Amino acid sequence: MVSARDDEGELPVYPVDAATFEILLPLSRGQTFSVTLEYAAEIPPFPGGGYGTFSVAEDVVLLAQAYPLLLPWDEERESWTLEPILSWGDQVVAEVADYSVTVKHPPTWQVVATGEERISGSGITEVHGRNLREFAFVLIKNYTGASRMADGVEIRSWYPQELRGAGGKALELCVEALSIYRELFGEYPFPELDVAAVPLVRAAGVEFPGLILAGIEYYRRYQTGEGELIFPMIFAHEVAHQWWYAQVGSDQVREPWVDEALATYTSGFAMANWGLYGELRAYWERTYELGRSRNPGATPFDPLWRFPEGKGYGGIVYSGGALFFLELEKAMGRERLLSALTRYLTEFRWKLATGKDLLSILVEEGGEAVEGVIRDWRRAVP
């Protein structure tokens, strides 16, 4: 049940689908307004749907995409950008906004959220954040934490006590990845970064502004001596999203490659620092070919709906997209490519970029050689 009201009284609410509602406001452009929304939802037991990020598990409650987002306005179509909710991939297409949220919860649980958390009473946590692409949080209990200050940023790792070794390693990897990407592209924009070990399904990690959820199963595997490649890959990739998603937004449904391919390519710099680049490159090549065998008609530049039930999605968009950027690096040189990406970040920080925006900058910086790489990859279908 959803209800809405403004200063004048109740507002009509029109359902779009099971999780989306439209409220029409009698406003003119530039007018400020206040709307009060009231809604309730039953949180399903894990895994719920999608990656399991809206569900209840033992000692963890995951609440992603449970709080209203600031949708972008499409000037050409004269409508809000509202994409379909699919069971694979990321669904967020949102402008940045400032969030101030009061979370009331059982006193024995702890809030880990996008933004900065402050306990203001028993079972009351205040969360404030600026320039957030979305607001998300998890509730945890029986967890322990480790933290480190790095260049003015507090980085915190949360995990069950029995996973202390993997939890400490996750903290170390995030600290190092953050330092590498700051050196390449510029400052990390938030005062803290949280990473929490949680149950996930069909995903090794999920990114939010200032918050990373990492699959707890990979922590267990790491502690038993497995996952020596995939465990650092998770944090190299998700930390990269603090630039390509949190700062530069995009339409993750229509053009998932714009942030996923770029985050995957960027992760290679951290993996190289850890002596794992050769294995990572082999993984990209192997999974790209596997993805193409599963979905031979798809390319790295396709929308989510071209990957029914996620068929071939990770291999084609993530790994194939990273290989595309490696071809660009070969064509224009690493320094010029990094310069182009820094320009892209500067021009579109806190905005929404399109694939056309990114490709235009790459072509302007790299010339005809880049145009040739783009043409080749756009028709990279067997």
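Here, each number is a calculation from the coordinates, and none is a lab measurement. Nothing here was measured: the structure is a model prediction, and the numbers come from that model. Cβ sites come from the backbone with ideal geometry, for glycine too, and all protein chains shown count toward neighbours.
Spacing of the modelled spin labels on Leu70 and Arg221, each 7 Å from Cα toward Cβ, amounts to 3.8 nm. Dipole of region 257-378 computed with +1 at Lys/Arg Cβ and -1 at Asp/Glu Cβ about the Cα centre; of Phe325, Ala298, Leu280, farthest Cα towards the positive end is Ala298. For the pair region 273-342 and region 1-71, the centres of their Cα atoms are 34 angstrom apart. Dipole of region 257-378 computed with +1 at Lys/Arg Cβ and -1 at Asp/Glu Cβ about the Cα centre; of Leu262, Ile316, Val373, farthest Cα towards the positive end is Ile316.
Across region 51-57, rounded Karplus estimates of 3J(HN,Hα) from the backbone phi angles (6.51 cos²θ - 1.76 cosθ + 1.60, θ = phi - 60°) give 8, x, 7, 10, 6, 10, 10 Hz, Gly and Pro being marked x. The Kirkwood hydrodynamic radius of region 257-378, based on inverse pair distances between different Cα atoms, is 14.8 Å. Work out the FRET efficiency for Asp376 and Asn131 from their Cβ-Cβ distance, taking R0 = 22 Å, and round it to the nearest 0.05. The computed FRET efficiency comes out at 0.05. For Lys356, the aspartates and glutamates whose Cα falls under 15 Å of its own Cα, not counting residues fewer than eight places away in the same chain, are Asp251, Glu255, Asp259, Asp302, Glu347, Glu364, Glu365, Glu371. Magnitude of the charge dipole for the chain, about its Cα centre and with charges confined to Cβ atoms of Lys, Arg (+1) and Asp, Glu (-1), is about 900 debye.
Measure off 7 Å from each Cα along the Cα-to-Cβ vector at Arg202 and Asn273, then give the distance between these two points in nanometres to one decimal. Taking the two extended label points, one gets 3.3 nm.
Per-residue ellipticity at 222 nm, computed for the chain from helices alone with -39500 (n - 2.57) per DSSP H run of at least four residues, works out to -10500 deg cm²/dmol. In region 257-378, Cα pairs under 8 Å separated by at least six residues give a relative contact order of 28 percent.
When both region 98-160 and region 223-268 are represented by their alpha-carbon centers, they are found 22 Å apart. With θ taken as phi - 60° and the Karplus curve 6.51 cos²θ - 1.76 cosθ + 1.60 applied, the whole-hertz 3J(HN,Hα) list for region 329-336 is 4, 5, 6, 10, x, 4, 5, 5 Hz, x standing for glycine and proline.
Exposure proxy for Glu75, Glu117, Glu347: other Cβ atoms within 10 Å of each Cβ, ordered fewest to most, give Glu75, Glu347, Glu117.
Each residue of region 36-47 was assigned a 3J(HN,Hα) from its phi angle through the Karplus curve 6.51 cos²θ - 1.76 cosθ + 1.60 (θ = phi - 60°); the sequence is 9, 10, 10, 8, 9, 9, 8, 7, x, x, 4, x Hz, with glycine and proline shown as x. Look at the alpha carbon pairs under 8 Å that are at least 6 residues apart: their mean separation over the length of the chain gives a relative contact order of 12 percent. For the chain, the ratio of Cα radius of gyration to the globular rule of thumb 2.2 N^0.38 Å stands at 0.99.
Taking the Cα centre of region 257-378 as reference, the dipole from Cβ charges on Lys and Arg (+1) and Asp and Glu (-1) amounts to some 220 debye. Comparing Met1, Ala197, Ala113 along the charge dipole axis of the chain, the residue lying farthest to the positive side is Ala197, per the Cβ-charge model. For a straight C-alpha distance cut-off of 30 angstrom, the lysines reachable from Lys141 (same-chain residues fewer than eight places away being disregarded) are Lys104, Lys169. Legend: calculated FRET efficiency, Leu290 to Leu184, from the Cβ-Cβ distance at R0 = 30 Å, rounded to 0.05, equals 0.55.
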